[in-house]
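Q: First the structure, which I've put down as structure tokens, then a few questions once you've had a look.
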Amino acid sequence: LLEYSIRKEVSKFILVSSDKATDPANVMGLTKFLSEKLCDQYSKKHNNIVISKVRFGNVLDTSGSVIPIFKKQIENGGPVTVSDKNVTRYFMTKEESVELILQSSLIAKSNELFFLDMGKPVKIYNVAKTMINLMGKKFTNKNNDKNAITIIFKGLEKGEKMHEKIHNGNIEKTSHKRIYISKKNQTN
């Protein structure tokens, strides 16, 4: 995409990255991290295109979100599977993410790494309980209640983190109150 954008004289290129690129622990995180590094290299070699990166967490009700998984499990009568009672993730809506990505592209000058303000992380366990209630079901932690949905803990999968981070610190504000930028002007 970078080469195609350069060849077609696109003026701006913004990579949509992920919180999983911060201290990558699995293949997805590593590919996002390497994509950010590739953008760094292209940005150094090509000054006729503005290349930047934007990193943020989960987008609600998308294919990578737990929301559709939980919804299906609840519709099927449960149980709802959660990795661990204390696992947390960041969430934002599709509309928020699109707006902030577009705003990041307006701020971009060259080779920046932007971080979107995702608010406070949310316990996935609480998300599951809330969804059960919102879907008109009763939550129980007892396996013998056939009229209620239980939550079971399956344990962290290989490469899954207890808590995701958007960045490793060393960021500063931009002109937009919900967009931050790496002070080092490099992927970290």
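The values are calculated or read from the model by the stated rules, or taken from the named source; none is laboratory data. Here the structure is a predicted model, which is why all the values come from computation and not from measurement. For neighbour counting, all protein chains shown are included, and Cβ atoms are generated from backbone atoms with ideal geometry for every residue, glycine included. Areas reflect the complete protein model, heavy atoms only, side chains present, ligands, DNA and RNA absent. Shrake-Rupley method; radii C 1.70, N 1.55, O 1.52, S 1.80 Å.
Q: I'd like to know if segment 169-185 contains one or more residues that are out of contact with any Cys (no Cβ under 8 Å at 6 or more places or on another chain), under 30 Å from residue 75 (Cα atoms), in contact (Cβ under 8 Å) with a residue 60 or more places away in the chain and among the aliphatic types (A, V, I, L, M).
A: No, there is no match, as no residue in segment 169-185 is out of contact with any Cys (no Cβ under 8 Å at 6 or more places or on another chain), under 30 Å from residue 75 (Cα atoms), in contact (Cβ under 8 Å) with a residue 60 or more places away in the chain and among the aliphatic types (A, V, I, L, M).
Q: Evaluate segment 161-184: report whether one residue or more is over 22 Å from residue 110 (Cβ atoms), open to solvent by 40 Å² or more (accessible area, probe 1.4 Å) and acidic (Asp, Glu).
A: Checked segment 161-184: no residue is over 22 Å from residue 110 (Cβ atoms), open to solvent by 40 Å² or more (accessible area, probe 1.4 Å) and acidic (Asp, Glu).
Q: I would also like to ask the following. Determine whether residue 90 is touching a helix residue (DSSP H, G or I) at 6+ places or on another chain (Cβ under 9 Å) and closer than 23 Å to residue 160 by Cβ. Walk me through it before giving the result.
A: Working: touching a helix residue (DSSP H, G or I) at 6+ places or on another chain (Cβ under 9 Å): yes; closer than 23 Å to residue 160 by Cβ: yes.
Against the criterion (touching a helix residue (DSSP H, G or I) at 6+ places or on another chain (Cβ under 9 Å) and closer than 23 Å to residue 160 by Cβ), residue 90 qualifies.
Q: With respect to residue 56, determine if the residue is aromatic (Phe, Trp, Tyr) and within 16 Å of the chain's Cα centre (by Cα). Step through it out loud before you land on a result.
A: Details: aromatic (Phe, Trp, Tyr): yes; within 16 Å of the chain's Cα centre (by Cα): yes.
When the stated conditions are applied, residue 56 passes them.
Q: Scan 59, 54, 50 and give me the residue that is in contact with a Ser or Thr (Cβ under 7 Å, 6 or more places away or on another chain), β-branched (Val, Ile, Thr) and over 26 Å from residue 90 (Cα atoms).
A: When all the criteria are applied, what remains is 50.
Q: Separate question: Among all residue pairs at least 6 apart or on different chains, which show Cβ distances below 9 Å where the first residue, located in segment 1-26, is in contact (Cβ under 8 Å) with a residue 40 or more places away in the chain and the second is assigned to a strand (DSSP E or B) and hydroxyl-bearing (Ser, Thr, Tyr)?
A: 12/52; 14/52
Q: Within segment 169-188, how many residues turn out to be assigned to a loop (DSSP other than H, G, I, E, B) and at pLDDT 90 or above?
A: The qualifying residues number 5.
Q: Here is a further query. Test residue 155 against the criterion of being assigned to a loop (DSSP other than H, G, I, E, B), under 18 Å from the mean Cα position of the chain (by Cα) and surrounded by fewer than 16 Cβ atoms within 10 Å (Cβ to Cβ), and give yes or no. Even if it seems obvious, please write down each step before you answer.
A: Numbers: assigned to a loop (DSSP other than H, G, I, E, B): yes; under 18 Å from the mean Cα position of the chain (by Cα): no; surrounded by fewer than 16 Cβ atoms within 10 Å (Cβ to Cβ): yes.
When the stated conditions are applied, residue 155 does not pass them.
Q: Search segment 1-24 for residues being acidic (Asp, Glu) and outside any loop (DSSP other than H, G, I, E, B), and hand back the single one that is surrounded by the fewest Cβ atoms within 10 Å (Cβ to Cβ).
A: This residue is 3.
Q: Is it the case, given these coordinates, that residue 66 is aliphatic (A, V, I, L, M) and over 22 Å from residue 133 (Cβ atoms)?
A: no
Q: Pick out, from segment 25-142, the strands (runs of 3 or more DSSP E) lying fully within it that include 2 or more residues that are touching a strand residue (DSSP E or B) at 6+ places or on another chain (Cβ under 7 Å), over 20 Å from residue 179 (Cα atoms) and open to solvent by 20 Å² or more (accessible area, probe 1.4 Å).
A: Those strands (runs of 3 or more DSSP E) span 138-140.
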